[in-house]
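K.L.:
After the structure tokens below, expect a handful of questions from me.
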Amino acid sequence: MTGQELFDSLGKLFGQKLQDKTEFRGETTYTILPSDLREVAKFCRHDLSFDYLIDITSIDNFDEDPRFEIVYELYSMTLAVHLRLKLKISEDEQVDTISDIWPTANWHEREIYDMMGIKFKGHPDLRRILMWDGYPFFPLRKEFPLEGLPSEMPDVAFTKAASLEGGPFVTKPSTATTKDREPRARPPDL
Amino acid sequence: MAEHATAYDSKIEGNVIFTRLDAAFNWVRKNSLWPMPMGLACCAIELMATAASRFDIARFGAEVMRFSPRQCDVMIVAGTVTYKMALAVKRIYEQMPEPKYVIAMGACASTGGMYRSYAVLQGIDQLIPVDVYISGCPPRPEALLAGLMKLQEKISGEKSFAAQNPKLTKKLVEVIA
């Protein structure tokens, strides 16, 4: 089976459920509904030989509804084919876990929960993975300030807001020299 | 004490020196600063290079790196101190016996460096007292050695014994006089 036949069979079976298909520079991206995730994931893993889940990431489209977007990067070791699945969920929704289909999803989903606060239904061990248990914020959400927020858990950890000293420290996109591009305090123009 | 007679034996000539107790203590302390390697990020690689043969921190008596705080004199905080690690660093520092010193190695340990973020402590001096700050990202081994020498300079000027044991010092002065 070639990569194209693979995508065709996916399209044939889930024609109704695949909301959108994008092809860009040989990368295929399908948008699916959150309710179809497990069915599509199982089919990809068991019937289409997508045996490797490279990554799961999440995007915060602040001020949009649904707010969050989750991206699954799949890869077939046998056919050397990439497939990207995307789905959108709103803030109060939960996504089904796929950690029983690809065990590696366990930690990826924990990271997304830690950083974005998206919960995964049926996850066996949904704890924070980078920050400590009890940290009150989700740092990669758009409303979380760059300098951080103060928090305190006695004997465990604390955080303070970092002084930006005229920052934020950002790079300047340009083709000029490193001196012009390098991250430095760039206060908003007055 | 030149006016007082001192026992003199030609057999031990050259084996006896007269000095101040502080000077003797400081000389001993500064030439065997055992480090607590608190390697947290890429600065730890430079710390290892400093310890290895090319730069050879043993020339300064600071080669005894054991991962136990109980026998250490100076904590070299080498790397980014995250909030998750911060209290652990403090705890290890508290387990070191007095007198103890801290070297903040590199930009991250000194100020948080380029990590102005929710996850990184903005300088280890917010949590424990620092004696020497070393700039660089990461600092070269020479810079770490320079920092170590600065600390040695600082130690050699300390009034450690007299300040810590005023009663004993007074008694010793009386006995000598």
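K.L.:
Is one or more of the residues making up segment B:140-151 of a type in the set (Gly, Ala, Ser) and not in a helix (DSSP H, G or I)? Before you say what the answer is, go through the steps one by one.
P.N.:
As a first pass, look at segment B:140-151 and keep what is of a type in the set (Gly, Ala, Ser): B:143, B:146-147.
Filter again for not in a helix (DSSP H, G or I), leaving none.
Scanning segment B:140-151, I find no residue that is of a type in the set (Gly, Ala, Ser) and not in a helix (DSSP H, G or I), so the answer is no.
K.L.:
I want to confirm something. Restricting to segment A:111-164 and keeping residues that are facing another protein chain (nearest Cβ under 8 Å) and of a type in the set (D, E, K, R), which single residue is farthest from A:LYS88 (Cα to Cα)?
P.N.:
Checking each candidate, the answer is A:ASP155.
K.L.:
Okay, moving on. Which of the residues belonging to segment B:71-88 are within 17 Å of B:CYS42 (Cβ to Cβ) and either within 12 Å of chain A (Cβ to nearest Cβ) or open to solvent by 40 Å² or more (accessible area, probe 1.4 Å) (or both)? Full working, then the answer.
P.N.:
Step one: of segment B:71-88, the residues within 17 Å of B:CYS42 (Cβ to Cβ) are B:76-82, B:85.
Within segment B:71-88, B:VAL81, B:THR82, B:MET85 qualify.
K.L.:
Got a number for residues in segment B:107-122 being under 22 Å from B:ARG140 (Cβ atoms), facing chain A (nearest Cβ under 10 Å) and not hydroxyl-bearing (Ser, Thr, Tyr)? Step through it out loud before you land on a result.
P.N.:
To start, the set of residues in segment B:107-122 that are under 22 Å from B:ARG140 (Cβ atoms) comprises B:107-115.
Okay, now just the ones that are also facing chain A (nearest Cβ under 10 Å), so B:111-112, B:114-115.
Pick out the ones that are also not hydroxyl-bearing (Ser, Thr, Tyr) and you get B:112, B:114.
Residues flagged as under 22 Å from B:ARG140 (Cβ atoms), facing chain A (nearest Cβ under 10 Å) and not hydroxyl-bearing (Ser, Thr, Tyr) within segment B:107-122 amount to 2.
K.L.:
What pairs can you find where one residue is in segment A:130-157 and open to solvent by 90 Å² or more (accessible area, probe 1.4 Å), the other is at pLDDT below 90 and not in a loop (DSSP other than H, G, I, E, B), and their Cβ atoms are less than 7 Å apart, with a gap of 6+ or different chains?
P.N.:
Pairs found: A:GLU152/A:PHE158.
K.L.:
Find all pairs meeting these conditions: Cβ atoms under 6 angstrom apart; at least six residues apart or on different chains; first residue within segment A:40-65 and open to solvent by less than 90 Å² (accessible area, probe 1.4 Å); second residue among the acidic types (Asp, Glu).
P.N.:
A:ILE54/A:GLU73; A:ASP55/A:GLU73; A:ILE59/A:GLU69
K.L.:
Do we have any residue at all in segment B:127-134 that's of a type outside the set (Val, Ile, Thr) and either part of a helix (DSSP H, G or I) or open to solvent by less than 10 Å² (accessible area, probe 1.4 Å) (or both)? So that I can check it myself, show each step before the final result.
P.N.:
Our first condition is that a residue be of a type outside the set (Val, Ile, Thr); within segment B:127-134, this holds for B:127, B:129, B:131, B:133.
Next, only the ones that are either part of a helix (DSSP H, G or I) or open to solvent by less than 10 Å² (accessible area, probe 1.4 Å) (or both) stay: none.
No, segment B:127-134 contains no residue that is of a type outside the set (Val, Ile, Thr) and either part of a helix (DSSP H, G or I) or open to solvent by less than 10 Å² (accessible area, probe 1.4 Å) (or both).
The values are calculated or read from the model by the stated rules, or taken from the named source; none is laboratory data. Note that the coordinates shown come from a computational prediction; the quantities given were computed from them, not determined experimentally. Backbone-built Cβ (ideal geometry, glycine too); neighbour counts: all protein chains shown. Quick note on the areas: whole protein, heavy atoms, side chains included, nothing else; ligands and nucleic acids left out. Shrake-Rupley method; radii C 1.70, N 1.55, O 1.52, S 1.80 Å.
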